[in-house]
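Following: one structure in structure tokens, then a few remarks.
The values are calculated or read from the model by the stated rules, or taken from the named source; none is laboratory data. The model shown is predicted, which means the values in this text are computed figures rather than measured ones. Note that each Cβ is placed from the backbone with ideal geometry, even for glycine, and that neighbours are counted across all protein chains shown.
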Amino acid sequence: MKGIAHFASGLCVASFVPGVVEHAAQGGLLIALGGACAMLPDTFDFRFAKFVERRDADIIPDREHPDPQALADAFAREFARVTPDRPRIVQFHPLRLGAVDWVTYTLRFDMDNGDVVVTMNDAEARAHVGKLDYQYDGALEIIELGGPSLRLSQGANGYQVEFLPWHRQWSHSLVLAVVLGAALALLISPLAGLVGGLGYAVHVLEDQLGYLGSNLFWPFTRRRFDGMKLLHSGDAIPNIVTVWLSLTLLLLNLDRARDLPLIAVGPFLGFAVVLPAALLIAVYARRKWRRYAAALQAERNRDVLAEGEDAVG
């Protein structure tokens, strides 16, 4: 989810805590505390964890001769340097040639053949690394704003490739949500602790809907739990649905706290909350199904082509 979706979710969950809406009516800011705490996990990652990551290698195109094969081979050599007790973290970079002139490329993993594939200017290059265990979805784009880092290690199912190893680790922990809530309860009030802890936790749980997952019980666990793989954080419709549901439910809770509520709860829930969200989710599910069917058909076409090549050979 994007930051605005997490912030709206934090506001919404805070409005369900008894006493918070009434506190807001008196000028209190506890409801805003829920939104602020819902932003904290990504703030920790993108303002701190990202910059203290220890990298073992940086891969960047050659300035004189940008070559996708050279990038694929360089990445393959990093796999060869991995040992059972020594993983490696590799950072990918674009190449800046001028103010608006960049060399960009994409990276993907061919799981069936055990290849890393780099595409640059429609030219594709491959390097074989062996059996791969990669859970994230889609090609990775190394564009003007920078590229991702990947953690390479040896696992039970071959080389394990972890996308953005610095992201959604210690910061995305439900244990940390409890700690934050306890700290706010001691420093401000028990109500503030409940609001802050819930806001933090709702962010963590929302992120579990995606592909990357989170380290839900740090410091008791050291690895991210797999996500549910229902959406990507940048997908427009899931973010719109989250913001819509959060703000409409927030509006309903604010109205219910009035001496004379103006909103009819049943029709509002049906026509303003559930119906728009259901329609948008249906559109999103249909799009995902189409992409899945297209990818499945492309895989079948590749299999048929491979069988034909084997027959000719």
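Here SER246 clears all of (1) within 21 Å of ALA285 (Cβ to Cβ); (2) touching a strand residue (DSSP E or B) at 6+ places or on another chain (Cβ under 9 Å); (3) among the hydroxyl-bearing types (Ser, Thr, Tyr) except the condition numbered (2). Within region 264-277, residues that are on the phi < 0 side of the Ramachandran plot have Cβ atoms under 9 Å from residues that are polar (S, T, N, Q) and surrounded by 15 or more Cβ atoms within 10 Å (Cβ to Cβ) in these pairs: PHE268/THR248; LEU269/THR248; ALA272/THR248; VAL273/THR248; PRO276/THR248; ALA277/THR248, counting only partners at least 6 apart in sequence or on another chain. For the residues LEU164, LEU174, LEU184, the requirement of being in contact (Cβ under 8 Å) with a residue 24 or more places away in the chain and over 23 Å from the mean Cα position of the chain (by Cα) singles out LEU184.
Answer yes or no: is there a residue in region 262-270 that is out of contact with any His (no Cβ under 7 Å at 6 or more places or on another chain), part of a helix (DSSP H, G or I) and assigned by TED's automatic domain parsing to the domain that holds LEU180. For region 262-270, residues out of contact with any His (no Cβ under 7 Å at 6 or more places or on another chain), part of a helix (DSSP H, G or I) and assigned by TED's automatic domain parsing to the domain that holds LEU180: absent. Only residues that are farther than 13 Å from GLU22 by Cβ and small (Gly, Ala, Ser): list them for region 245-260, please. Of everything in region 245-260, just one residue is farther than 13 Å from GLU22 by Cβ and small (Gly, Ala, Ser), namely SER246. Scanning region 36-57 for residues that are surrounded by fewer than 22 Cβ atoms within 10 Å (Cβ to Cβ) and small (Gly, Ala, Ser), we see that the one that is farthest from ALA192 (Cα to Cα) is ALA57. Name the single residue, out of those in region 199-235 being surrounded by 22 or more Cβ atoms within 10 Å (Cβ to Cβ) and out of contact with any His (no Cβ under 9 Å at 6 or more places or on another chain), that is nearest to MET39 (Cα to Cα). Only one residue fits best here, namely TYR200. Please verify whether region 244-253 includes one or more residues that are modelled with pLDDT under 95, closer than 20 Å to PHE7 by Cα and out of contact with any helix residue (DSSP H, G or I) (no Cβ under 7 Å at 6 or more places or on another chain). No, there is no match, as no residue in region 244-253 is modelled with pLDDT under 95, closer than 20 Å to PHE7 by Cα and out of contact with any helix residue (DSSP H, G or I) (no Cβ under 7 Å at 6 or more places or on another chain).
Residues that are modelled with pLDDT of 95 or more, among the aromatic types (Phe, Trp, Tyr), farther than 22 Å from ALA80 by Cα and outside any loop (DSSP other than H, G, I, E, B) are absent from region 158-178 altogether.
Listed residues ALA183, ALA293; which is in the same structural domain as PRO18 (by TED's automatic domain parsing), of a type in the set (Gly, Ala, Ser) and outside any loop (DSSP other than H, G, I, E, B)?
Working: ALA293 fails: in the same structural domain as PRO18 (by TED's automatic domain parsing).
Answer to the check: ALA183.
Only residues that are over 19 Å from ASP42 (Cα atoms), among the β-branched types (Val, Ile, Thr) and either surrounded by fewer than 16 Cβ atoms within 10 Å (Cβ to Cβ) or in contact with a Ser or Thr (Cβ under 7 Å, 6 or more places away or on another chain) (or both) were counted in region 1-23, giving 1. Cβ-Cβ contacts under 8 Å between residues 6 or more apart (or on different chains), taken from a first residue in region 224-236 that is in contact (Cβ under 8 Å) with a residue 40 or more places away in the chain and of a type in the set (Asp, Glu) to a second residue that is assigned to a loop (DSSP other than H, G, I, E, B) and surrounded by 18 or more Cβ atoms within 10 Å (Cβ to Cβ), are listed as ASP226/GLY213.
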